[in-house]
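Have a look at the structure below before the remarks.
The values are calculated or read from the model by the stated rules, or taken from the named source; none is laboratory data. Since the model is a prediction, treat every value here as computed from it, not as a measurement. We place every Cβ from the backbone using ideal geometry, glycine too, and count neighbours over all the protein chains shown.
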Amino acid sequence: MKETTLNIQMVDLQSQYAKLQEEIDTAVLEVIRSAAFINGPRVRDFQAHLEQYLDVKHVIPCANGTDALQIAMMSIGLEPGDEVIVPAFTYVATAEVIALLHLRPVMVDVDPDTFNITAEIIEPAITPRTRAIVPVNLFGQSCDMEPIMEVARRHKLWVIEDNAQAIGADYTFADGRRQKTGAIGHIGCTSFYPSKNLGAYGDGGAIYTNDDELAQQLRMIANHGQTRRYYHGLVGVNSRLDSIQAAILDIKLRYLDDYAAARRAAADYYDQAFAGIEQLQTPVRHERSTHVFHQYTLIVKDGRRDELQAFLNSKDIPSMIYYPVPLYEQEAYKESMANGMDKLPVTDHLCRSVISLPMHTELDKDMLEYISKGVKAFFE
Ligand SMILES: *Cc1c(COP(=O)(O)O)cnc(C)c1O
């Protein structure tokens, strides 16, 4: 027996597509008829529109978010054994590309409220081998970038933002200036994985920078290290965004701010519904960043997170644990702790107590009410 006929999903991409079907079908068919599948005009259009939207000088489209991070890492001239500081509470890709390039990911803890790394957390992990920092704008809001950029300047470190989860969010500097996340560090990386806030209908990614020289380097590396056709100045990779994905993304980019507003409205609803439940901590919104709610993630304070998840399951309410295991406890990354520590207490606690509720652009009142009632019922 089903508990509800609402058919609630973590992410509902079908209903989102239904609203844009004509526009998207037409664009995809146009690409197929033109046969300009690779590096076609739609890729250049999307690139230009994304540069405009992010207010950034250069966007380099690529095949996925992991490639974006890898190409960024390859572009800054690091040597094997160089250290790169990353949060231990993130998706594996952030650390993976570092290890893959024979660099050393150095994992640090995160802020217990925003789940992001901060300047105060980064600074003690800096050693003479440290070359770069990868702030991850987790779950849809910016790290506090101004102090992080200040630490980076003082120690001459590169800053590569992992903006896979926060495209469209704005960060406000002390002087009131606003910038899109990912455009603040030296290089920003994003993913167009279907369930991301700006999702393709397959894989995709992009790298962005305001630095002309870096942009040239990044473009070369993404294209086999090619300087001109069949001349290779560098060892590169093959990483392209295809024209069909670019055509779809170019349409969806026009709705990105509306999508963020829909996510925020759902988050507001949840926040209000859970305000009186003392066993829960609702997402903390940093005053310097807007939140685009890639995830709506609660902390269950009384140790009953897994019980809550089972209860929601029994009511046909999906939920996910992002992330269940600290990166430094993963078999592949056991050697990656900062300063010989063996546990990062906040990351450890978060992995045992977070739960993410359904969050997408198509959540309606009935669904939000049903989900919230389900969560409340568990704590009554
Ligand atoms: C999704 C994601 C990536 C990787 O993106 P792909 O397109 O799946 O390769 C990297 N970092 C974070 C934080 C992500 O959420």
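Observations, loosely collected:
- Filtered residues of region 34-62 (kept if within 13 Å of L249 (Cβ to Cβ) and within 15 Å of the ligand (Cβ to nearest atom)): P61, C62
- Taken over region 305-321, the criterion of being among the hydrophobic types (A, V, I, L, M, F, W, C) and either farther than 16 Å from Q9 by Cβ or modelled with pLDDT under 95 (or both) is satisfied by L308, A310, F311, I321.
- Residue, surrounded by the most Cβ atoms within 10 Å (Cβ to Cβ), within region 335-373, restricted to residues that are at pLDDT 95 or above and in a strand (DSSP E or B): L357
- When region 63-89 is filtered for residues that are farther than 18 Å from I221 by Cα and within 16 Å of the ligand (Cβ to nearest atom), the ones remaining, listed by number, are V84, I85, V86, P87, A88, F89.
- Flag if M145 is within 23 Å of N238 (Cα to Cα) and not assigned by TED's automatic domain parsing to the domain that holds T282: no
- Among the candidates V106, V110, the residue that is within 22 Å of A166 (Cβ to Cβ), surrounded by 22 or more Cβ atoms within 10 Å (Cβ to Cβ) and of a type in the set (A, V, I, L, M, F, W, C) is uniquely V110.
- Hey, P318 more than 16 Å from the ligand (Cβ to nearest atom), on the phi < 0 side of the Ramachandran plot and part of a loop (DSSP other than H, G, I, E, B) or not: yes
Residues are listed down the side, and each one gets a yes or a no for (1) aliphatic (A, V, I, L, M); (2) buried (at least 22 other Cβ atoms within 10 Å of the Cβ); (3) without any contact (Cβ under 8 Å) to a residue 24 or more places away in the chain:
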site	(1), (2), (3)
L138	yes, yes, no
Q141	no, yes, no
R154	no, no, yes
A169	yes, yes, no
R177	no, no, yes
G185	no, yes, no
A200	yes, yes, no
D211	no, no, no
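- The set of residues from region 328-370 being among the aliphatic types (A, V, I, L, M) and touching a Leu at 6+ places or on another chain (Cβ under 6 Å) comprises I355, M367.
- On inspection, A18 does not qualify as in contact with a helix residue (DSSP H, G or I) (Cβ under 6 Å, 6 or more places away or on another chain) and small (G, A, S).
- Against the test of being of a type in the set (D, E, K, R) and at positive phi, the options D109, D55, D45 yield a single qualifying residue, D55.
- For region 256-280, a residue qualifies if it is buried (at least 17 other Cβ atoms within 10 Å of the Cβ) and within 18 Å of E380 (Cβ to Cβ), and the qualifying residues are Y270, A273, F274, I277, L280.
- In the condition set (1) in a loop (DSSP other than H, G, I, E, B); (2) under 17 Å from the mean Cα position of the chain (by Cα); (3) modelled with pLDDT under 95, K2 is compliant with all but (2).
- Whichever residue in region 90-143 is within 22 Å of A169 (Cα to Cα) and in a strand (DSSP E or B) and, among such residues, is farthest from the ligand (Cβ to nearest atom): I133
- Count of residues meeting criterion [of a type outside the set (D, E, K, R) and in a loop (DSSP other than H, G, I, E, B)] in region 275-315: 14
- Extreme residue, nearest to T290 (Cα to Cα), among residues of region 167-184 that are out of contact with any Leu (no Cβ under 8 Å at 6 or more places or on another chain) and either in a loop (DSSP other than H, G, I, E, B) or within 16 Å of the ligand (Cβ to nearest atom) (or both): A169
- Of all residues in region 225-251 being part of a loop (DSSP other than H, G, I, E, B) and within 26 Å of the chain's Cα centre (by Cα), the one that is surrounded by the most Cβ atoms within 10 Å (Cβ to Cβ): L241
- Test result for S195, buried (at least 22 other Cβ atoms within 10 Å of the Cβ), in contact (Cβ under 8 Å) with a residue 24 or more places away in the chain, of a type in the set (S, T, Y) and within 16 Å of the ligand (Cβ to nearest atom): no
- Sub-6 Å Cβ pairs linking a first residue in region 68-82 that is not assigned by TED's automatic domain parsing to the domain that holds A93 to a second residue that is more than 16 Å from the ligand (Cβ to nearest atom) and of a type in the set (V, I, T), at least 6 apart or interchain, number zero.
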